[in-house]
1. Quick one: with all protein chains in place, what share of the accessible area of segment 221-277 is carbon or sulfur, to the nearest percent (1.4 Å probe)?
2. Using a simple charge model, +1 on the beta-carbon of Lys and Arg, -1 on the beta-carbon of Asp and Glu, nothing else, what dipole does segment 51-149 show about its Cα centre, in debye to the nearest 20?
3. If you put +1 on each Lys and Arg Cβ and -1 on each Asp and Glu Cβ, how big is the dipole of segment 45-91 around its Cα centre, in Debye rounded to 20?
4. Any lysines with Cα under 29 Å of the Lys46 Cα? List them, leaving off those in the same chain fewer than 8 positions away.
5. Using only Cα atoms, what Kirkwood radius does segment 135-255 have, in angstroms?
Amino acid sequence: MPNLSVGDMSQSVLLRQQNTRLSSELGRLTEELATGRTADPSRHLKGNFSHLSALERDRTTLESYGMAATEAQTFTGTMQTALGKVQETSGNLAADLLAAGNGGLPEVVQSTSGKAGEAFDALVTTLNSSVAGQALFAGARTDATALASADAMLTEIRGEISGETDLPGMIAAVEAWFNTPGGGFETVGYLGEQNGTKPFLLGENETVSLNLGADAPQLRSILMHTAIAALAADPELGLPNELQKSLLAHAGNGLVAAQDPLTGIRADLGYTEARVEEIATRIASEKTASEYAINTLLGVDPFETVTRLEEVQLQLESLYTATVRLGRLSLAEYMR
């Protein structure tokens, strides 16, 4: 092995230390050039993190509000879609019921009543919609379905009207089941809570509440009239054809009358959708401004970074050359 002098060893140690320092700085400058931000915030900010901490707190808070706004957008959008299906289903059914009730043959009456049964099931399924495991129309009880099954409700209603023999009596029995406080619908049909969902917190003093459940009067009316039509030709009831037709006509008129109130709650929901969209846009804008401020605070001048990077590369090349020369001189000393 070469017998290095103390001076050579000192130079070797110094060269290794310089190599380590320059390699570290090269890595830091390369990272800063790629990200546009300092790799050493403490040195860049001279140890003063107060402004940066405040900006990062604001950004974290805005991210939380942004997530809540996204959730609110999903909820309101899905609810609007569901109500659109309810309106389409009930509106189409109304026309069929009126046609069958105002002169349909027995076969047509039975077929139309069967369609009403299918529509009732579709309405219940739609109002039992959920997002991410949370029921949309069950009020504050988002962990449960909003309504009992269509079959379960029709069975209950059938029992209420089985003793009635004329149109007024049957209609009164069904209306009582749906509309009496603490009655059949509220105890058996609706499984949610009357209170609305927990408000979405979208700002320090900004909340959005969705107080629309499947127990809303506008939706009860649609369910009630659809149920009447579904049971009109029920074999177990065995009603005469004229009474069946009268029930279908009454249900058809009821569904027609229910369209404007349904349009009203859809308009109210649309207003909430627009408000959530406006808030979400503002949150996104504020978050962008916060991130820009952070980037400005931690940003580095790309020209200065490139210049310093080139300087370090030249220093490393010079250091490498010096290291090679020192190695050669040491070997020459050893060969003497």
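The values are calculated or read from the model by the stated rules, or taken from the named source; none is laboratory data. These figures come from a predicted structure and were not determined experimentally. Counting neighbours? That spans all protein chains shown, and the Cβs are built from the backbone with ideal geometry, glycine included. Each accessible area value is taken on the protein alone, full model and side chains, heavy atoms only, with ligands, DNA and RNA left out. Shrake-Rupley method; radii C 1.70, N 1.55, O 1.52, S 1.80 Å.
1. Values: 1220 of 2280 Å².
The value for segment 221-277 is 53 percent carbon and sulfur by accessible area.
2. On the way: 5 positive and 10 negative charges, 27 e Å.
Result for segment 51-149 is approximately 140 debye, rounded to the nearest 20.
3. On the way: 4 positive and 5 negative charges, 33 e Å.
Computed about the Cα centre, the dipole is about 160 debye.
4. Answer for Lys46, where 29 Å is the Cα cut-off: Lys287, listed by chain and number.
5. 15.6 Å
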